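Below is one structure; the comments refer to it alone.
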Amino acid sequence: MTQRATLDFLLYDWLKADALCERPRHAEHSRDTFDAVLDLGEKIATEQFAPINRLTDLQEPEFDGERVHLPAETPKALKAFIDSGLMAAAKDADVGGMQLPTVVEMAAMSFFFKASVALGGYPMLTRGNANTILAHGTPQQVEVFAKPGLEGRTFGTMCLSEPQAGSSLSDIATKAVPDTGSEAHGAAPWQQDPLGPRFRLKGNKMWISGGEHEMGENIVHLVLAKIPGEDGKTIPGVKGISLFIVPRKLVQADGTITDQRNDVSLAGLNHKCGYRGTVNTLLNFGEGKFPVHGQPGAVGYLIGKPGEGLKCMFTLMNEARIGVGLGATMLGYAGYEASLAYAKDRPQGRAMTAAGKDASSPQIPIIQHSDVKRMLMMQKSVVEGGLALGLLCAQLVDDEQTGTEAEAEKAHLLLELLTPIAKSWPSEWALEANSQAIQVLGGAGYTRDFPVEQYWRDNRLNMIHEGTHGIQGMDLLGRKVVMNGGKALAVLAERISETIHKAGHTEGLAQHAKALGAALQKVGAATQAAWSTGVPEEALANATPYLQAFGHTVLAWIWLELAIAAQAAQAKGTWDQGPLGAGFLQGKRAAADYFFAYELPKIDAWLGVVSRRDLTCAQAQADWF
């Protein structure tokens, strides 16, 4: 199919990713090494992940009371990924990395998410776990807990939600108290443990992906908990939350993993409609099933400063949000490719022409019907636009890390602003793309004879994973667009205005440039109107429609960028000589036209309720339902 060609177009014709090799950190790389990594990722994903995607969906994880059992093919596939070195592809050489740009690492990961998003969840979480320890941990914590994760010897999780709190992290009840009791067993004083201040954790966590299995040498949990004061009470709200490293098996200061099981026990498995290949768990910390030194309480090591746990965890959460968005995009991409292939092969009906009225004439492939073309074009605009969005965010990470001071500052602001969009927009619209894929296949689409029904089931989880739409909307409208006096929004507006200016001088794109300019003005006006009374309950009553409109405006900007890049590439003629021919770039332009004709106009309805601060839903009473 065309995924690899589209990646090449996005990386080199649009983002100019090969120019990153001019920066010292990536100086040993070139387009050749980038291409080799993409080739490797595509090969492993195609040969190891894709063939077992349906198997892992049908053979869900099972718990026999002692161990969690996964299909034997799961660890084999993950070992192939680990052996490739892609786990640490973008990391520094001193921690075993290749020092690739993050945008290239993300492009390589797209193959794995498309082949099996459930299996791709294990390395995504492990990498994010290790990155969080790299960013906030001590050198000893990096050596003992982060490096083994980047080497693929251990796996990682994030433990946030609790049964009584869900997404309301300020209400978590898991507690962490100093582990002074272990000193009686020869352990160092809790404050002076080489692995960090040592605590005992007690509480319950749920929705923990990868929380229990037998793969690797250990599982490293990152756990949010509250440290009680001298009065035994915890600080209310998020300011009282701290972050702890809680290994499944205890680890010595030199990194040796012991046979001693930490007091972390499996309470049960969650059985989901999708993502079944990723084991999802409820975990009990400190219930006494595996007492350490004869005492209950899971041993954990403080990472960062007390009370700054959520700040530290956002390193992982933001990375995971972009990863979830890319995973959603690639599920949409998989459905698009499947429905496209079906539409080309499936004969049904006849053309709406005079010749088509002849019932004895042969049937035509359904791809020749206008409505099928509409559904395919919707999918194409969503999945290729979503992939571009994910890669743009990845390159912003590169600019933040290796750009000039001015580039890094702007990249940081843009990344902050776009993260809720990168997570939410693909989660909603790639899911709709999967629905359209099912529709293209008709009755065959909802049978298990074809994969599109699984893609939809898998993707339905992504609107909830790593923060629901409601949470992302409130984050965007309640914090991101107004932070620092709207500085991030101003940076985005500047970038969009530059694109509008370029498009205005590009043949055939002036109308799109005008439409995007109008959309940008509407978003700005709605933002001001929402906050005009200064009442958060009014401003945020329609945060989700604002999120939808903002996302569509961002994607319109991206598609205008891609149309400009396609026009420039067409002028060079390089793609005409390839196996896909001139139609490849013409398809990019057509997808941009579709988005501006069919999708961008939707923002008026969304922004209308935002600007009016409509309270129809907010004021509804429970007994009205």
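Oblate is the label for segment 3-141, because a/c, from the alpha-carbon gyration tensor with a ≥ b ≥ c as root eigenvalues, is 1.5 or above and a/b does not exceed b/c.
When you work out D = kT/(6 pi eta Rh) for segment 156-309 at 4 °C and 1.567 mPa s, using the Kirkwood radius from C-alpha pairs as Rh and the Stokes-Einstein form, the result is 83 µm²/s. Helix screen, the chain: DSSP H segments with Cα axial length of 27 Å or more and mean Kyte-Doolittle hydropathy at least 0.5 are 543-572. Once C-alpha pairs closer than 8 Å and six or more residues apart are averaged by separation and normalised to the residue number of the chain, the relative contact order reads 11 percent.
Computed over neighbours whose Cβ is under 12 Å from that of PRO163, the net charge equals -1, Lys and Arg +1, Asp and Glu -1.
So how strong a dipole does segment 166-305 carry about its Cα centre when Lys and Arg Cβ are +1 and Asp and Glu Cβ are -1, to the nearest 20 debye? Spell out each step's value before the answer.
Working: 15 positive and 13 negative charges, 97 e Å.
The dipole of segment 166-305 has a size of about 460 debye.
What would the Debye formula give as log10 I(q)/I(0) at q = 0.17, 0.26, 0.30 Å⁻¹ for the alpha-carbon point model of segment 349-398, no solvent? The Cα Debye sum returns log10 ratios of -0.63, -0.90, -1.02. Spacing of the modelled spin labels on CYS273 and PHE314, each 7 Å from Cα toward Cβ, amounts to 3.2 nm. Once C-alpha pairs closer than 8 Å and six or more residues apart are averaged by separation and normalised to the residue number of segment 156-309, the relative contact order reads 28 percent. In the chain, the DSSP-assigned H stretches of four residues or longer account for a calculated mean residue ellipticity at 222 nm of -15500 deg cm²/dmol, using -39500 (n - 2.57) per stretch and the full residue count as denominator. Sorting the segments 270-280, 528-538 by their mean number of nearby beta carbons within 10 angstrom, highest to lowest, gives 270-280, 528-538. Shown for the chain is the translational diffusion coefficient from the Stokes-Einstein equation, using the Kirkwood radius over Cα pairs, a temperature of 25 °C and a viscosity of 0.890 mPa s: 95 µm²/s.
Check each of the GluC sites (Glu not before Pro) in segment 51-114 and keep only those in coil by DSSP with at most 10 other C-beta atoms within 10 angstrom; list them in order. For GluC sites (Glu not before Pro) across segment 51-114 that sit outside H, G, I, E and B with at most 10 neighbouring Cβ atoms in 10 Å, the list reads GLU66.
Centre-to-centre separation between the Cα atoms of segment 226-292 and those of segment 117-135: 17 Å.
Here segment 469-613 is assigned +1 on the Cβ of each Lys and Arg and -1 on the Cβ of each Asp and Glu. Its dipole about the Cα centre then comes out at about 140 debye. Summing Lys and Arg as +1 and Asp and Glu as -1 over all other residues whose Cβ lies under 15 Å from the Cβ of HIS69 gives a net charge of -4. Farthest toward the positive end of the dipole of the chain, out of ILE133, LEU195, ILE564, is the Cα of ILE564, where the dipole comes from beta carbon charges about the Cα centre.
The trypsin sites (Lys or Arg not before Pro) of segment 403-456 that DSSP puts in a loop, and whose beta carbon has at most 16 other beta carbons within 10 Å, are ARG448. Gyration tensor analysis over the Cα atoms of segment 526-625 returns equivalent ellipsoid semi-axes of 42, 13, 8 Å (largest first, whole Å).
Normalised by the number of residues in segment 273-378, the mean separation of alpha-carbon contacts (under 8 Å, six or more apart) gives a relative contact order of 14 percent. The trypsin sites (Lys or Arg not before Pro) found in segment 561-625 that occupy coil by DSSP, while having at most 15 further C-beta atoms within 10 Å, are ARG612. According to a simple spin-label model (label point 7 Å from Cα along Cα-to-Cβ), what is the distance in nm between ALA525 and GLU217? Each label point lies 7 Å from its Cα, and together they span 6.2 nm.
Where does the charge balance sit around PHE9 when Lys and Arg score +1, Asp and Glu -1, over other residues with C-beta under 14 Å from its C-beta?
With Lys, Arg at +1 and Asp, Glu at -1, the neighbours total 0.
In a simple Cβ point-charge model (Lys, Arg +1; Asp, Glu -1; nothing else charged), the chain has a dipole of about 1040 debye relative to its Cα centre. Could you check the spin-label model distance between ALA188 and ALA618? Points 7 Å from the Cα along Cα→Cβ, value in nm. So the label points at ALA188 and ALA618 sit 5.2 nm apart.
The numbers here are math on the coordinates, done by the rules we state, and not lab data. Quantities reported herein were computed from a predicted structural model and do not represent experimental measurements. With ideal geometry, Cβ positions are generated from the backbone for all residues, glycine too; neighbour counts draw on all protein chains shown.
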